[in-house]
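Following: one structure in structure tokens, then a few remarks.
The values are calculated or read from the model by the stated rules, or taken from the named source; none is laboratory data. None of these values were measured; they are calculated from a predicted model. In this analysis, Cβ positions are derived from the backbone assuming ideal geometry, glycine residues included, and neighbour counts consider all displayed protein chains. The protein model used for the area step is the full one, side chains on, heavy atoms only, and it has no ligands, DNA or RNA in it. Shrake-Rupley method; radii C 1.70, N 1.55, O 1.52, S 1.80 Å.
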Amino acid sequence: MAQQEEGQAEARQTDRSLTMSRAMVEAIANEMRENEEVFYMGEDVADYGGIFDSTQGLLEEFGHDRIMDVPISETAYIGAAVGAAQQGMRPIAELMFVDFFGVGMDQIYNQMAKNTYMSGGNVSVPMVLTAAVGGTYNDAAQHSQTLYGTFAHLPGMKVVVPSTAYDAKGLLHNAIRDDDPVVYLFHKRLMGIGWLPAPDGPKTGVPEDDYTIPFGSADVKREGEDVTVVTLGLHVHRAMEAAESLADDGIDAEVIDLRTLVPLDVDTVRESVAKTGRLVVVDEDYRSFGVTGEIVARVAEDGLSDLEAVERVAVPDVPIPYARPMEDEVIPGVEDISQAVQNAHQE
């Protein structure tokens, strides 16, 4: 925690601001310079630089041997990454869209996640699987899901979801150095690319030196006394906007960014709810069997007798629509979060 607070103070002091995509690229480049066993593979990550700028500029420095375009066969290249990791390399494999995980799911949840256990600890799988998540730009049901709850549900993988450039860099450094498989999910809307404008907030101060953010350490983005809002990814910024607006109405909301789902920082959430007595969980994944229900259950299991109200805000159990008005209807917005907080405050 002390390292985290020191790093955040440094980020506030620096005049250098980066988009989330540039912060990620900086972390990858640093790790590749320090360790020749680190390499990046995926579809359109070399010559194109990643369709969400996740590898922009890396090819020029490291060449095609370490920034590798692959055929459109998720099973093949994720499996290759698992094998390389087991042989001592540290691959980063990118799924262009998280929705494509089904094509290579056996390699992900039966090999990447389980091989250390299945081998009795004789092999480790130090690899990172990155993927773009989220909607809000009208790409329909097969390119707009979030699905981090799916990976968090399956044992063996750490699951990381950054919301700012500062966090994106520190968490990615930590992910690449981790000896266990890490699923690193970045929201398209937060990357800061020209054709997909980001909200205010994800572009932050980022130190030039490398630093790590420990997994399982949630960040209180805004302190408050009345209602606890727990969220991650894009909806950290939507929750912050809602909280600032609600402050004008006399409602003081505390906003917690989970940052990682596995491991999950339950203590920070419980401490906040013990103070406010009201909990709102906001999620861009599906409502049923997902993150919102898990967070509520973890808090309830603590036996908080003073928990007065619970609200869940998530995507209803429908495929993400293509039409913009319909997509806007199902993906939680600032007004949805505000209403949930107001409901919790009134109970």
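When the stretch 308-318 is examined, which residues are found to be within 21 Å of the chain's Cα centre (by Cα) and surrounded by 13 or more Cβ atoms within 10 Å (Cβ to Cβ)?
Scanning the stretch 308-318 gives 312, 313, 314, 315.
Looking at 22, 33, 90 in this structure, which one is open to solvent by 20 Å² or more (accessible area, probe 1.4 Å), in contact with a Pro (Cβ under 7 Å, 6 or more places away or on another chain) and modelled with pLDDT of 95 or more?
Result: 90 is the single residue among 22, 33, 90 that is open to solvent by 20 Å² or more (accessible area, probe 1.4 Å), in contact with a Pro (Cβ under 7 Å, 6 or more places away or on another chain) and modelled with pLDDT of 95 or more.
Here is a check on your reading of the model: is residue 347 under 18 Å from residue 246 (Cα atoms), acidic (Asp, Glu), modelled with pLDDT of 95 or more and open to solvent by 60 Å² or more (accessible area, probe 1.4 Å)?
no
Quickly run through the stretch 119-139 and pick out the residues that are hydrophobic (A, V, I, L, M, F, W, C) and open to solvent by 30 Å² or more (accessible area, probe 1.4 Å).
If the condition is that a residue be hydrophobic (A, V, I, L, M, F, W, C) and open to solvent by 30 Å² or more (accessible area, probe 1.4 Å), then 123 is the only one that fits.
So residue 303 fits all but one of (1) small (Gly, Ala, Ser); (2) in contact with a Gly (Cβ under 9 Å, 6 or more places away or on another chain); (3) open to solvent by 20 Å² or more (accessible area, probe 1.4 Å); what number is the exception?
With respect to (1) small (Gly, Ala, Ser); (2) in contact with a Gly (Cβ under 9 Å, 6 or more places away or on another chain); (3) open to solvent by 20 Å² or more (accessible area, probe 1.4 Å), residue 303 is out only on (2).
Would you kindly identify the strands (runs of 3 or more DSSP E) lying entirely within the stretch 188-262 that contain at least 2 residues that are over 13 Å from the mean Cα position of the chain (by Cα) and at pLDDT 95 or above?
Passing ranges, in order: 219-222, 227-231, 253-257.
Return the residues of the stretch 61-74 that are within 24 Å of residue 113 (Cα to Cα), of a type outside the set (D, E, K, R) and open to solvent by less than 60 Å² (accessible area, probe 1.4 Å); say none if nothing qualifies.
If the condition is that a residue be within 24 Å of residue 113 (Cα to Cα), of a type outside the set (D, E, K, R) and open to solvent by less than 60 Å² (accessible area, probe 1.4 Å), then 67, 68, 70, 73 are the ones that fit.
Which residue pairs have Cβ atoms closer than 7 Å, lie 6 or more positions apart in sequence or on different chains, and pair a first residue in the stretch 313-330 that is touching a residue at least 24 places away in the same chain (Cβ under 8 Å) with a second residue that is open to solvent by 40 Å² or more (accessible area, probe 1.4 Å) and assigned to a loop (DSSP other than H, G, I, E, B)?
Close Cβ pairs (under 7 Å, with a partner that is open to solvent by 40 Å² or more (accessible area, probe 1.4 Å) and assigned to a loop (DSSP other than H, G, I, E, B)) amount to 314/287; 315/287; 316/287; 317/287; 317/288.
So which pairs qualify, if the first residue must be in the stretch 46-63 and outside any loop (DSSP other than H, G, I, E, B), the second must be of a type in the set (Ser, Thr, Tyr), the Cβ gap must be under 7 Å, and the two must be at least 6 apart or on different chains?
What qualifies is 58/40.
Of all residues in the stretch 265-296, count the ones that are out of contact with any helix residue (DSSP H, G or I) (no Cβ under 6 Å at 6 or more places or on another chain), open to solvent by less than 40 Å² (accessible area, probe 1.4 Å) and in a loop (DSSP other than H, G, I, E, B).
Residues meeting the conditions: 2.
For the stretch 182-229, how many residues are under 19 Å from residue 139 (Cα atoms) and either surrounded by fewer than 22 Cβ atoms within 10 Å (Cβ to Cβ) or not hydrophobic (A, V, I, L, M, F, W, C) (or both)?
The total comes to 11.
Within the stretch 298-317, how many residues are farther than 15 Å from residue 283 by Cβ and part of a loop (DSSP other than H, G, I, E, B)?
Matching residues across the stretch 298-317 total 7.
Taking the stretch 150-163 as the search range and keeping residues that are part of a loop (DSSP other than H, G, I, E, B) and within 10 Å of the chain's Cα centre (by Cα), which one is nearest to residue 192 (Cα to Cα)?
Top of the filtered list is 163.
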